[in-house]
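Reviewing the structure listed below.
The values are calculated or read from the model by the stated rules, or taken from the named source; none is laboratory data. Owing to the predicted nature of the structure, the values given are computational and were not obtained by experimental measurement. Note: ideal-geometry Cβ built from the backbone for every residue, glycine included; neighbour counts use all protein chains shown.
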Amino acid sequence: MRDATEERLATQLRALGDTVDDELPPPVDLELQVVRRRRRARATRRWSGLAVAAVVMTAVVTVSVVHGTTGGRGRLHVATSPTTARMPRDSLLPGTVMLSSRELRVISLDTAGHQNATMVKAVRGDIKYARATEDHRELWYLSLKKGLRACGDVVRADIASGHSSTIVTHAVAFDVSPDGSRLALYGAGDLAHDRCVPVKQPEQGRVVVVDLTTATSSSVALGDVTTMRFSPDGSYLAALSCPGGVCTTVSRIDVPTALGAPLTVAPIPDGAASTAGSLRVARIEFGPDGLYVLRGLAPGGGAFNAFSRIDRIDARTGAVAGTLFTSSAFDVRQVAPTAGALYVIAEPTQPKARKFGLYRVESGKLVLVRSLDAPGILTPVVPLAGAG
């Protein structure tokens, strides 16, 4: 039972409760307060979204800026360009069909021969040769700093993210497999372990294929090599040898699936010998449908070809699958077979008709694309698989 004090306190609380209304009246400005609160909430969400967008934009700008950073052992960098900043699926601009190595730069060219991007710019060392991998994520090139026959820097440029260029190894000449997994190196010394030595005697020359993932390698002795090209499937190399500066022999070098065993090399038979006569080989380049061989005849050892011929051959048998061009009216210097057209660098042999530049081969004739006083060294670009 409650005592008198508790009973008295309960009575006072009941009396106080009788003075309070059953429902509290809302503030007279309640609706105005609700409207204000909703406006503040919307403003807070809007500014939060803008802040997030600002952070994203800052990140994009940062990526664009770091395209010029330098990586690896050399002071080389991938130049800032829209190709690396805005093309997540294809790191090359739409319409790119060729690369051109010109002095310190590698640029990309469209079907009209116009530059659409500067892909690489080196601080020093002329770039002799450049090749993009089939996924367009990497660009490999040879940068010469100590002369044409010295060991140059073999450089990998990450054009997908644009972050860096890295000097991977050294060689006198090189090529990269289409998938970017293997390097073919030419020189003397221990090329497999980045100890390149210039080739002073033909018997010192070696071709070494190195797997970049497993670090395994295979090699074969071969002298006077000036050019090497991986086949489209990476199963063999075509190598051009030029003893005494006269290029006469194209060899096939078979590359084993698992490296370790020696490479095997054999000259590719000259299926055009009966008709080409004393034509010497000027260039070799793989196209989508075979190996293209540019031959020329330079009378009296001159620098210009009095006769030019372009054949597409079977690299195993040497058989000519087709003669695309043959004429004494043009001195053809380079050949670049792309998926859409066969391009050449050429000049008419008649003094009054001289127009040095980029041509397209159409039905056995040369059609001028545009004049190019300094075309550089051209290499075709394989279209990105699945690109529409």
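In region 87-189, counting only strands (runs of 3 or more DSSP E) that sit wholly within it, the ones holding 2 or more residues that are surrounded by fewer than 20 Cβ atoms within 10 Å (Cβ to Cβ) span 115-122, 126-132, 138-144, 165-171.
Tell me whether region 239-254 contains one or more residues that are under 25 Å from K146 (Cβ atoms), under 27 Å from the mean Cα position of the chain (by Cα) and among the polar types (S, T, N, Q). Yes, there is a match, as at least one residue in region 239-254 is under 25 Å from K146 (Cβ atoms), under 27 Å from the mean Cα position of the chain (by Cα) and among the polar types (S, T, N, Q). Per the conditions (1) touching a Gly at 6+ places or on another chain (Cβ under 7 Å); (2) modelled with pLDDT of 95 or more; (3) within 28 Å of D224 (Cβ to Cβ), the sole criterion not satisfied by E138 is (3). When region 143-166 is filtered for residues that are over 15 Å from the mean Cα position of the chain (by Cα) and not small (G, A, S), the ones remaining, listed by number, are L144, K145, K146, L148, R149, C151, D153.
Would it be correct to say that D224 is without any contact (Cβ under 8 Å) to a residue 40 or more places away in the chain, within 21 Å of C196 (Cα to Cα) and of a type in the set (D, E)?
Spelling it out, D224 is indeed without any contact (Cβ under 8 Å) to a residue 40 or more places away in the chain, within 21 Å of C196 (Cα to Cα) and of a type in the set (D, E).
Among residues of region 339-353 that are more than 25 Å from P380 (Cβ to Cβ), those with a Cβ under 9 angstrom from a residue that is among the hydrophobic types (A, V, I, L, M, F, W, C) and part of a strand (DSSP E or B), sequence gap 6+ or separate chain, pair up as T349/F307; T349/F330. For region 341-353, the count of residues that are at pLDDT 95 or above, surrounded by fewer than 19 Cβ atoms within 10 Å (Cβ to Cβ) and closer than 16 Å to V97 by Cβ is at least one. Filtering region 303-311 for residues that are at pLDDT below 90 and over 24 Å from R149 (Cβ atoms) leaves a non-empty set. Note on region 205-214: residues that are farther than 23 Å from I284 by Cβ and not in a loop (DSSP other than H, G, I, E, B) total 1.
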